[in-house]
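So the structure is just underneath, and the comments pick up after that.
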Amino acid sequence: MSELRMIEATILAAGKGTRLLPVTNFLPKPLLPIVTRPLLENIILSLEKQGIEKLCINVHHLKDKIVDFLQRRQYAMEIAVSIENRILGTGGGLGRMRRYIKGENFVVYNGDIVTDINIREAYRFHMGNKAVATLLIQRKKGSKDIQMEKDGRIINIAERLRPNRKGQEVFDFTGVAILNSKIFNFLPEDDFYNIVDAYVELIRMEKNIFGFVCGNNYWLDIGTKENYLLVHKDILLESKNILCNFSLSSSPFFVDKGSQVSKKAQLSGFVSIGRNSLIGDNVQLENCVIFDNTVIDDGKNYRNCIISKDFVV
């Protein structure tokens with residue numbers, strides 16, 4: 001796809017992840033394991049596979065862990081890191097990354113989503129409409145975020161401009177957008193700012209802001225315990241192939257390298273066990289995610305839990 005060659009992307013990875021406390025006291029959301037692979041790695045590999053060659057990631061909460069992770073990995077794309085000493089929000093964080101964005105159009109990816117969305121199709125749509133912003137959206141039960149006209153032009157976001165029109169379809173924002181560099185005219189560079197405010201201003205000014213409907217693609221924000229466990233259920237129990245370049249057996253149980261599970265342990269539902277962990281005798285695990293280097297003593301019983309050496313949630 002030549003029209004995607006050399007385009008750039010940004011990942012918003014600075015947030016504190018308060019909905020996942022205390023898990024995010026120890027790991028930033030972008031490094032949470034998804035069947036033992038860090039979420040950030042899955043996003044990077046997906047962008048790389050779709051032709052992105054330059055990437056900028058903003059960091060704040062537990063930033064040293066993300067920087068260290070990136071330094072220990074080798075990717076084909078060029079990666080820059082924008083360090084925020086104080087949190088700048090989605091708009092301020094993106095505004096600060098303008099110094100790294102050289103092209104006219106670029107992709108923005110939230111750092112807490114699992115998705116198999118094809119951004120190439122959305123990019124063609126964005127270019128064809130000469131849009132300042134194209135938000136990738138999806139029909140979901142209970143959607144409340146975005147309303148648009150039949151031509152795809154967005155007219156309302158989170159009911160910020162008016163109450164949603166009755167009878168008109170409402171969509172969810174997936175956390176993926178394609179933006180033109182003109183967006184930087186609406187963003188501060190070093191102040192806290194919510195990018196939704198910029199989108200609302202674009203609508204008020206009747207600038208080109210569009211929605212691209214992603215159809216049946218998988219998409220989930222893993223920012224809550226419930227959704228974090230749900231994505232593991234979808235992958236391990238429902239056999240949804242949503243991780244980039246990651247092959248799994250049909251088993252609902254995944255045990256990574258160096259881990260030992262007692263033959264007397266009982267696993268049910270879905271279970272993901274990270275590296276170098278030990279599951280003792282008569283342990284019962286149902287619908288659980290176990291992080292690396294975790295020991296679960298004999299006789300313990302956990303259901304619907306996230307477990308590490310530091311916490312049980």
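Quick look at the numbers
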{"read-out": "Residue ID - surrounded by the fewest Cβ atoms within 10 Å (Cβ to Cβ), chosen from residues in region 205-234 that are touching a Leu at 6+ places or on another chain (Cβ under 9 Å) and aromatic (Phe, Trp, Tyr)", "value": "TRP219"}
{"read-out": "Unique match (being at pLDDT 95 or above, closer than 25 Å to ILE183 by Cβ and in contact with a Pro (Cβ under 9 Å, 6 or more places away or on another chain)) among ILE57, ILE79, ILE87, ILE83", "value": "ILE57"}
{"read-out": "Long-range neighbours under 8 Å by Cβ, at least six apart or interchain, first residue among the small types (Gly, Ala, Ser) within region 282-301, second part of a loop (DSSP other than H, G, I, E, B)", "value": "GLY299/GLY280; GLY299/ASP281; GLY299/ASN282; GLY299/VAL283"}
{"read-out": "Matching entry among PHE253, PHE212 (being farther than 26 Å from LYS16 by Cβ and out of contact with any helix residue (DSSP H, G or I) (no Cβ under 6 Å at 6 or more places or on another chain))", "value": "PHE253"}
{"read-out": "Strands (runs of 3 or more DSSP E) contained in region 166-273 and holding at least 3 residues not aliphatic (A, V, I, L, M)", "value": "172-180, 209-213, 266-273"}
{"read-out": "Test for THR90: is it more than 25 Å from PHE173 (Cβ to Cβ), under 18 Å from the mean Cα position of the chain (by Cα) and crowded, with 18+ Cβ neighbours inside 10 Å", "value": "no"}
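The rows are residues; the columns are (1) more than 22 Å from the chain's Cα centre (by Cα); (2) in contact (Cβ under 8 Å) with a residue 24 or more places away in the chain.
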| position | (1), (2) |
| --- | --- |
| ASN216 | no, no |
| LEU243 | no, yes |
| GLN266 | yes, no |
| VAL271 | no, yes |
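The values are calculated or read from the model by the stated rules, or taken from the named source; none is laboratory data. Predicted model, so just to flag it, every value in this text is computed and none were measured. Don't worry about glycine lacking a Cβ; one is built from the backbone with ideal geometry, like all the others, and counts go over all protein chains shown.
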